[in-house]
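Following: one structure in structure tokens, then a few remarks.
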Amino acid sequence: MIKIESLGLKKIEGPILMLEKNADVKYDEVVRVFDEKRNSQIGKVLSVNEKSVVVQVFGNTSGLTIKDTSVEFLGIPMTIPVGRDMLGRVFNGLGEPFDGLPQIFTGDYRDVNGAALNPYIREYPRDFIQTGISVIDGLTTLIRGQKLPIFSGNGLPHNVLAAQIARQATLKNATEEFTVVFAGMGVKYDVAKYFIDNFERSGVLSNVVMYLSLADAPSVERLLTPRAALTAAEYLAYDLGMHVLVIMTDMTNYCEALREVSTTRGQIPSRKGYPGYLYSDLASLYERAGRIKNKKGSITQIPILSMPNDDITHPIPDLTGYITEGQIVLERELFQKNVYPPVAGLPSLSRLMKDGIGEGMTREDHKDVSSQLFACYAKVKEIRALASVIGEEELSDLDRKYLDFGNDFENKFLSQGYEENRTIEATLDLAWELLKTLPESELYRINDKYIQKYLHEKG
């Protein structure tokens, strides 16, 4: 490792330092910034051109002066230590211990930027992950190696849902060890404490690795937090052969930090002030999920993002939807009805669901039942809209049955307890109980043999 020290500081603006280029500096390499008393903090190179170098500091620059500040270029990328001892530990966004314990003992350090995966070596995601939550398992099934974000809004219980998924998620038809990597970006202390206490109380903390960048930490630390978490996940998955579920919250805080740094650098903004490279930056995180041929382990991602003003067309959910394989959308109307989890059935989808359900994976009737529930609930929405105009008393008997079905669907199928863990069989049996309330002629999306088996024979 060749260290090069520079004194050619030209400008300090927030967490950004601009220096004269006087050495062989590389993009993304780590730097150490010293003040006049030789106190140091780390940063990284953001950009390099023929005349200058831009450095991003992971800390507070308020005490730095142009005259007395020096920058040491370390010639290496940002790395974090990895090893099995990570399990059960809490780190900050830079990979440093956050739980009062010493750094893990290991000789293995990994670049937080990871390595691009050749699409040829990727294995198509197929295995069903049982979350124990009916609306997810039944309608928006999570598949091993999938990236399935949660679109939420301020005040909605996305953290509660994420914690429940982390506690309950299991691989139904696989034998690999299951673990969770959690990345919190710009989260408040009470949110971080909620997750830690929840994992500890449920006994899963020993199989969890947490990376937390709290709201009072430098905003630039948020940019590193998901990369550190995904690097740890890659080690656990591809080196130790584990199945890893990565939960990242809140991606909106991450994007806000990206916008802040971009503005400080004087870059031309795009939609709503976000940088033009927002799509590619998000893709660099989301595309680190998946499975690799001839590797036992896998990485499944659940990014959580809070939509500003519940606007699903906002750039963050909009671009996320293009990169990921579906979305779970939380609905404020259902939340106000005391439905938990308030997952909106119609806008939510899982694009990989079709290849991970059915006979030998979940149950033979899963595809048909799921399709029929979607169709029936869509009709419920139409009838409710009609009833708001003409009144319920003007509806037909069939329409009223659909309204009853809609109420039962929300209160019995969508809604379940925070601690309630339903098997996929229990979820599908519950769906059949609801479908029994409708005339058999309305079950036009279900094969007759399944109607005979699950409606008539089971009674």
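The values are calculated or read from the model by the stated rules, or taken from the named source; none is laboratory data. No experiment lies behind these values; they were computed from the predicted model shown. Quick reminder, even Gly has a Cβ in these numbers, built from the backbone with ideal geometry, and neighbours come from all protein chains shown.
In segment 17-64, what count of residues is obtained for those that are small (Gly, Ala, Ser), closer than 17 Å to Thr264 by Cβ, in contact with a strand residue (DSSP E or B) (Cβ under 7 Å, 6 or more places away or on another chain) and assigned to a loop (DSSP other than H, G, I, E, B)?
From segment 17-64, those small (Gly, Ala, Ser) are 23, 40, 43, 47, 52, 59, 62-63; that's our starting set.
Right, trim to closer than 17 Å to Thr264 by Cβ and you get 43, 47, 52, 59, 62.
From what's left, in contact with a strand residue (DSSP E or B) (Cβ under 7 Å, 6 or more places away or on another chain): 43, 47, 52, 59.
Those still in the list that are assigned to a loop (DSSP other than H, G, I, E, B) too: 59.
So the count comes out to 1.
Which is surrounded by fewer than 16 Cβ atoms within 10 Å (Cβ to Cβ), within 25 Å of the chain's Cα centre (by Cα) and not charged (D, E, K, R), of Gly345, Gly417, Gly391?
Gly417
May I ask you to list pairs of residues, at least six apart or on different chains, whose Cβ atoms are under 6 Å apart, with the first in segment 188-201 being outside the structural domain of Arg89 (by TED's automatic domain parsing) and the second being modelled with pLDDT under 90 and of a type in the set (Ser, Thr, Tyr)?
none
In this structure, does Ser415 turn out to be of a type in the set (Gly, Ala, Ser), in the same structural domain as Tyr279 (by TED's automatic domain parsing) and within 24 Å of Pro157 (Cβ to Cβ)?
no
Which is of a type outside the set (Ser, Thr, Tyr), without any contact (Cβ under 8 Å) to a residue 40 or more places away in the chain and in a helix (DSSP H, G or I), of Glu359, Glu382?
Working: Glu359 fails: in a helix (DSSP H, G or I).
Exactly one residue qualifies, and that residue is Glu382.
If we scan segment 161-180, do we find a residue that is touching a Leu at 6+ places or on another chain (Cβ under 8 Å), over 22 Å from Ala233 (Cα atoms) and among the small types (Gly, Ala, Ser)?
No; the residues of segment 161-180 include none that is touching a Leu at 6+ places or on another chain (Cβ under 8 Å), over 22 Å from Ala233 (Cα atoms) and among the small types (Gly, Ala, Ser).
Which of the residues belonging to segment 69-84 are farther than 30 Å from Val181 by Cβ and touching a Leu at 6+ places or on another chain (Cβ under 9 Å)? Give the steps one after another, and end with the answer.
So the first thing to find is which residues in segment 69-84 are farther than 30 Å from Val181 by Cβ, and the list is 69-73.
Residues satisfying the conditions are Thr69, Ser70, Val71.
Here are Leu398, Leu428: which of them is surrounded by fewer than 16 Cβ atoms within 10 Å (Cβ to Cβ) and part of a helix (DSSP H, G or I)?
On the way: Leu428 fails: surrounded by fewer than 16 Cβ atoms within 10 Å (Cβ to Cβ).
So the residue among Leu398, Leu428 that is surrounded by fewer than 16 Cβ atoms within 10 Å (Cβ to Cβ) and part of a helix (DSSP H, G or I) is Leu398.
Out of (1) modelled with pLDDT of 90 or more; (2) outside any strand (DSSP E or B); (3) closer than 14 Å to Ile302 by Cα, what's the single condition that is false for Thr179?
Here Thr179 clears every test but (2).
Kindly establish whether Ser371 is in the same structural domain as Pro149 (by TED's automatic domain parsing), on the phi < 0 side of the Ramachandran plot, in contact (Cβ under 8 Å) with a residue 24 or more places away in the chain and of a type outside the set (D, E, K, R). Don't jump to the end; show me each part of the working.
Numbers: in the same structural domain as Pro149 (by TED's automatic domain parsing): no; on the phi < 0 side of the Ramachandran plot: yes; in contact (Cβ under 8 Å) with a residue 24 or more places away in the chain: yes; of a type outside the set (D, E, K, R): yes.
Spelling it out, it is not the case that Ser371 is in the same structural domain as Pro149 (by TED's automatic domain parsing), on the phi < 0 side of the Ramachandran plot, in contact (Cβ under 8 Å) with a residue 24 or more places away in the chain and of a type outside the set (D, E, K, R).
Which of the residues that make up segment 322-337 are surrounded by fewer than 19 Cβ atoms within 10 Å (Cβ to Cβ) and free of Cβ contacts under 8 Å to residues at least 60 places away in the same chain?
Within segment 322-337, Tyr322, Glu333, Gln336 meet the criteria.
Assigned by TED's automatic domain parsing to the domain that holds Leu94, free of Cβ contacts under 8 Å to residues at least 40 places away in the same chain and out of contact with any Pro (no Cβ under 6 Å at 6 or more places or on another chain) - does that describe any residue in segment 225-234?
Our first condition is that a residue be assigned by TED's automatic domain parsing to the domain that holds Leu94; within segment 225-234, this holds for 225-234.
From what's left, free of Cβ contacts under 8 Å to residues at least 40 places away in the same chain: none.
No, segment 225-234 contains no residue that is assigned by TED's automatic domain parsing to the domain that holds Leu94, free of Cβ contacts under 8 Å to residues at least 40 places away in the same chain and out of contact with any Pro (no Cβ under 6 Å at 6 or more places or on another chain).
Quick one: is Gln146 closer than 23 Å to Leu240 by Cβ, surrounded by 16 or more Cβ atoms within 10 Å (Cβ to Cβ) and in contact with a Leu (Cβ under 7 Å, 6 or more places away or on another chain)?
Working: closer than 23 Å to Leu240 by Cβ: yes; surrounded by 16 or more Cβ atoms within 10 Å (Cβ to Cβ): yes; in contact with a Leu (Cβ under 7 Å, 6 or more places away or on another chain): yes.
In short, yes.
Mind telling me which of the residues Phe374, Phe335 ends up being under 22 Å from the mean Cα position of the chain (by Cα) and in a helix (DSSP H, G or I)? Please lay out each step first, then the result.
Numbers: Phe374 fails: under 22 Å from the mean Cα position of the chain (by Cα).
The match here is Phe335.
When segment 205-216 is examined, which residues are found to be closer than 21 Å to Thr231 by Cα and within 19 Å of the chain's Cα centre (by Cα)? Spell out the reasoning first.
Just the residues of segment 205-216 that are closer than 21 Å to Thr231 by Cα, to begin with: 205-214.
Selection gives Leu205, Asn207, Val208, Val209, Met210, Tyr211, Leu212, Ser213, Leu214.
Please specify each residue of segment 322-365 satisfying the condition of being in contact with a Ser or Thr (Cβ under 7 Å, 6 or more places away or on another chain) and of a type in the set (A, V, I, L, M, F, W, C).
Ile328, Val329, Leu330, Val339, Leu349, Met353, Ile357
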